[in-house]
1. Could you run through the stretch 1-57 and say how many residues are modelled with pLDDT under 95, of a type in the set (A, V, I, L, M) and touching a Gly at 6+ places or on another chain (Cβ under 9 Å)?
2. Of everything in the stretch 9-42, what is of a type in the set (A, V, I, L, M) and over 11 Å from the mean Cα position of the chain (by Cα)? Give them in sequence order.
3. Looking at THR56, THR65, which one is in a strand (DSSP E or B), surrounded by 10 or more Cβ atoms within 10 Å (Cβ to Cβ) and in contact (Cβ under 8 Å) with a residue 40 or more places away in the chain?
4. Whether any residue in the stretch 9-32 is free of Cβ contacts under 8 Å to residues at least 12 places away in the same chain and assigned to a helix (DSSP H, G or I) is what I want to check.
5. Go through the stretch 1-56 and report how many residues are more than 15 Å from THR67 (Cα to Cα) and among the acidic types (Asp, Glu).
6. Out of the stretch 43-53, which residues are of a type in the set (A, V, I, L, M) and over 9 Å from the mean Cα position of the chain (by Cα)?
Amino acid sequence: MNHRGADVRPRTFITTKDHLVVVRAPAPGYNQKLYEGVFLGILEMCGITTGKVVMTERAPLFEYTITW
């Protein structure tokens, strides 16, 4: 089942450059490590094993910097 409710917000891409993405991904009720794992998994599905995900802004923004 999907997470639903008034507190659910769409993802916002702040920066998208070669080997760098900054995304705002508010995830109320979820551990930040879950989202780090999701982003690393997406990179791995693309064959990228050198990815790094760092939460650069905590609640309420939940911003992640993804590099590879």
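1. Residues in the stretch 1-57 being modelled with pLDDT under 95, of a type in the set (A, V, I, L, M) and touching a Gly at 6+ places or on another chain (Cβ under 9 Å): 0 in total.
2. Narrowing the stretch 9-42 to residues of a type in the set (A, V, I, L, M): 14, 20-23, 25, 27, 34, 38, 40, 42.
Result: ILE14, LEU20.
3. On the way: THR56 fails: in contact (Cβ under 8 Å) with a residue 40 or more places away in the chain.
Answer to the check: THR65.
4. no
5. Counting residues in the stretch 1-56 that are more than 15 Å from THR67 (Cα to Cα) and among the acidic types (Asp, Glu) gives 1.
6. Within the stretch 43-53, the subset of a type in the set (A, V, I, L, M) is 43, 45, 48, 53.
Passing the criteria: LEU43, MET45, ILE48.
The values are calculated or read from the model by the stated rules, or taken from the named source; none is laboratory data. Here the structure is a predicted model, which means the values were calculated and not measured. Positions of Cβ are generated from backbone atoms using ideal geometry, with glycine treated the same way; all protein chains shown enter the neighbour counts.
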